[in-house]
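To start, the structure under review is shown below, and the notes come after it.
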Amino acid sequence: MRFQAIILLGLTLGYSCVPVSSSTDTSSKKQLLFQDQNYVDYTGIVQLGSISGNTKGTPNPVTTLKGSKGLAVRFDLLQEEYQYLNAKIYHCNKDWSKSALSDLEFLNEFNEFPINTYEFSQNMGIPYVQYHFTLPKTKLSGNYVLVIYDERPANLILSRRFLVVDDRTAIVPEVKMSNGIAQRQTNHQIEFTITYQGLNILSPSRDLHVVILQNHFWDNAIEGLEPTYMRIDQNYLEYRHFNMENNFLALNEFRFFDIRSLNFRGQRIDRVGPGPGGIQAFVTPDKSKAILAYSEEFEEDLNGGFYLQNRDPQSSDIQSEYVKVNFNLKTEQLKGDVHVVGRYNNWERTDNNKLYYNLELEAYKGSILLKQGFYNYAYLNNDPEFNPWYLEGNHFQTANEYEILLYYREPGRVYDELVGYKFFLNRN
């Protein structure tokens, strides 16, 4: 039988993202960052993606300039009461600095959008209000940042990046083994060609800017690659580099756990039930994959993504619970910090998802608060003696998502357009 955990005001959960009152935290004003960021400690799961996107996985926040559908925004605030919220959009340059454009140059309407559609949770655990709306269409392509704030722009709630593409190019990618002999079994080398029409490109090295993303993770993006071969008369460019400047660590298939139901244990969940401060789920203990051979996961590898779903009888999305998910990584202690990361927390490395080493158990332990669903995750470290993905291992056989972004600044203009976009998966 489904249990219900009652959260009393004043009961401390031991996790900083759960409020103990429904009051709005506006005492500390935060500086706006043009990146994926939560500014208050009561932000729950945030989703931004295509309205028609696949529910299995995390759709990338990318839309087309000429498309008829915008991007859907859905997020929870862990509060009992509704907040009066507004949204604002910023146009950014290729480096995510604010562009010199005025609002009227990239929008057809006033740049302040009240968020009037919301629902109250119907669970008996941690209360939340779910907000949702659709982003307005823009007049120009490029990088954008959505900002949600409470009544006044200074009272920041969250910000999220998204991309608008005016695709005027053809990008043909290829994932190859690394040119580096020692890296052939651990790296992916990305090579590609670009064909463009109708762009007034006088100098591709000056007018074009390439960015390559792996699993939509901006921190390890490759950018600034210049063409290795050009045929300007044919509007053709090649990017085939030989010094590994186009290499990514190949990573490993992501770990996963399933908390779609609270009536029974999902895959890779040892136990789930009421505990101190609310519902607790314990992920099956993990171990380091640093020296293990490649092994393909049998369940869905979402390349670090997640999807929300409630499989309990007679339950809907707004009846889904927030669960304190506990992790246990048995491994040697590293010099740097270890964090559990994924698309659900924007790959962030903060105190909220940091693990702490237990000398007696010889394991890293910690917890994060997540809504019912299916999640991929990985352990990221910052030990200077190892690469950040040391605890996961790196294997050429790993399947990843890749995106190639092509920015163009027309001579005389003061902003960057996103004129090329290619999403692809490597299959080995």
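The values are calculated or read from the model by the stated rules, or taken from the named source; none is laboratory data. No experiment lies behind these values; they were computed from the predicted model shown. FYI the Cβ positions are ideal-geometry reconstructions off the backbone, even for glycines, and counts take in every protein chain you see. Side chains are part of the model used for accessible areas, which takes the heavy atoms of the whole protein and leaves out ligands, DNA and RNA. Shrake-Rupley method; radii C 1.70, N 1.55, O 1.52, S 1.80 Å.
List every residue pair whose Cβ atoms lie under 8 Å apart, where the two residues are 6 or more positions apart in sequence or sit on different chains, the first residue falls within the range 250-279 and is without any contact (Cβ under 8 Å) to a residue 40 or more places away in the chain, and the second residue, located anywhere, is open to solvent by 30 Å² or more (accessible area, probe 1.4 Å) and aromatic (Phe, Trp, Tyr).
Going by the 8 Å Cβ cut-off, the qualifying pairs are Ile269/Phe282; Asp270/Phe282; Arg271/Phe282.
Among residues belonging to the range 94-110 that are under 25 Å from the mean Cα position of the chain (by Cα) and part of a loop (DSSP other than H, G, I, E, B), point out the one that is nearest to Gln35 (Cα to Cα).
In this case the residue turns out to be Trp96.
Mind checking which residues of the range 218-237 are farther than 28 Å from Ala293 by Cα and either surrounded by 13 or more Cβ atoms within 10 Å (Cβ to Cβ) or among the small types (Gly, Ala, Ser) (or both)?
Selection gives Glu223, Gly224, Leu225, Glu226, Pro227, Thr228, Met230, Asn235, Tyr236, Leu237.
Can you tell me which of Arg206, Arg240, Arg311 is open to solvent by 40 Å² or more (accessible area, probe 1.4 Å) and at pLDDT 95 or above? Steps first, answer last, please.
Details: Arg206 fails: at pLDDT 95 or above; Arg311 fails: at pLDDT 95 or above.
Answer to the check: Arg240.
List the number of the failed condition for Asn328; all other conditions in (1) touching a residue at least 60 places away in the same chain (Cβ under 8 Å); (2) open to solvent by 20 Å² or more (accessible area, probe 1.4 Å); (3) outside any loop (DSSP other than H, G, I, E, B); (4) not hydroxyl-bearing (Ser, Thr, Tyr) hold.
Checking Asn328 against (1) touching a residue at least 60 places away in the same chain (Cβ under 8 Å); (2) open to solvent by 20 Å² or more (accessible area, probe 1.4 Å); (3) outside any loop (DSSP other than H, G, I, E, B); (4) not hydroxyl-bearing (Ser, Thr, Tyr), the one that fails is (1).
With the structure loaded, tell me whether Glu360 is modelled with pLDDT of 95 or more and among the acidic types (Asp, Glu) or whether it fails that test.
Considered against the rule, which asks whether it is modelled with pLDDT of 95 or more and among the acidic types (Asp, Glu), Glu360 comes out as yes.
Yes or no, residue by residue, for (1) touching a helix residue (DSSP H, G or I) at 6+ places or on another chain (Cβ under 9 Å); (2) closer than 22 Å to Asn247 by Cα; (3) not in a loop (DSSP other than H, G, I, E, B):
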{"residue": "Ala293", "(1), (2), (3)": "no, yes, no"}
{"residue": "Gly336", "(1), (2), (3)": "no, no, no"}
{"residue": "Val340", "(1), (2), (3)": "yes, no, yes"}
{"residue": "Leu361", "(1), (2), (3)": "no, no, no"}
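Identify, from the list Tyr408, Tyr364, Tyr357, the residue that is surrounded by fewer than 21 Cβ atoms within 10 Å (Cβ to Cβ), aromatic (Phe, Trp, Tyr) and over 18 Å from the mean Cα position of the chain (by Cα).
Answer to the check: Tyr357.
Would you mind stating whether Tyr128 is open to solvent by 10 Å² or more (accessible area, probe 1.4 Å) and either closer than 16 Å to Phe162 by Cβ or in contact with a strand residue (DSSP E or B) (Cβ under 7 Å, 6 or more places away or on another chain) (or both)?
No: the conditions fail for Tyr128.
Here's the yes/no breakdown for (1) closer than 27 Å to His216 by Cα; (2) of a type in the set (A, V, I, L, M, F, W, C):
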position	(1), (2)
Glu296	yes, no
Lys324	yes, no
Leu329	yes, yes
Glu332	no, no
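Enumerate the pairs (first residue in the range 205-227 and outside any loop (DSSP other than H, G, I, E, B); second residue anywhere and of a type in the set (Lys, Arg) and open to solvent by 30 Å² or more (accessible area, probe 1.4 Å)) with beta-carbon separation below 6 Å, excluding pairs fewer than 6 apart on the same chain, so at least 6 apart or on different chains.
His209/Lys94
So is Asp337 in contact (Cβ under 8 Å) with a residue 60 or more places away in the chain and surrounded by 15 or more Cβ atoms within 10 Å (Cβ to Cβ) or not?
Answer is no for this residue.
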